[in-house]
Amino acid sequence: MEIDRLDGRKANQLRPLACSRNILNRAHGSASWTQGDTKVLVAVYGPKAGTKKNENPEKACIEVIWKPKSGQIGKSEREYEMIVKRTLQSICILNINPNTTTSVIVQVINDDGALLPCAINAACAALVDAGIPLKHLAVAICCCLADSGYIILDPTKLEEQSMKAYAYLVFPNSILSVRPEGSLKVQGEPMEHGVITSGTQGAMSVDDYLNCLERGRAATAKMSTVLRRNLQPQIASDLSFGDAISRRDLSGMISQREFYGVILRLDLASASSTA
């Protein structure tokens, strides 16, 4: 039996996808990711010298700052920061620029469901735009479990709220890229369901979770195509020397979170005026 969705989509059907990069002038890299009415903008600054406290100075550090559409950052946003950070750390090559910090600013433009996967997809595209070395690309998706036991992909906000449980899944763009060298199996099993990040909310059985993995991994093929198509090499405009100096001086006078908020608002204003 096919489940009826409010927007008329089939259970495995994704909302329209769109990805743009190199859209902010003052950021070293930037990208937006849109799924239906959910849209996230990500700006990347760095790498810059020095690492945060409790970070390994022999490796590069990834810092994630989440900015909601409105209001103050809360517990859920802090959790999103941690998930995005751990995901990006797992795909970045951290030993190339040791003792540096790359700041990733996630700005929510609109939330109509599957917000965290959209943010991860946008962050991945922004890292590529900034020239940050990556092991591989990553694509994220949300799978929901209805009370009837049916699984749907890429839910809207209303669908998320009415579901029994849902899972956020992040897959590598290429499974071969995350296999250990010289090994085709992990603990005797082929690495067919390689997952970078996985998180669930609500209660679901192991069989339901494995079903989510299977359907989510199949659906990310389309998302991978969109991501690769929009990450073709482009000529990025370089920051002027004077702009870089003034931005560095400004960063020393205010807190880092406030500084990147100022820069991001300036970039958003610039993008709106040129649109």
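Every number in this text was worked out from the coordinates using simple rules, so none of it is lab data. These numbers come from a predicted model, not from an experiment. FYI the Cβ positions are ideal-geometry reconstructions off the backbone, even for glycines, and counts take in every protein chain you see.
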Whole-number D in µm² s⁻¹ for the range 25-130, Kirkwood Cα-pair radius fed into Stokes-Einstein, 20 °C, 1.002 mPa s: 155
Under-5 Å amide H pairs with V139, H placed in peptide plane, nonlocal only: F171, N173
Calculated FRET value between N99 and K157, using beta carbons and R₀ = 51 Å, to 0.05: 0.80
From phi via Karplus (6.51, -1.76, 1.60), per-residue ³J(HN,Hα) for the range 78-95 in Hz, x at Gly/Pro: 4, 5, 4, 4, 5, 5, 5, 4, 5, 5, 5, 4, 6, 9, 8, 8, 8, 9
Förster radius 35 Å - calculated FRET efficiency between M82 and K164, Cβ distance, rounded to 0.05: 0.90
Peptide ranges 155-166, 70-81 listed from the most packed, as the mean C-beta count within 10 angstrom indicates: 155-166, 70-81
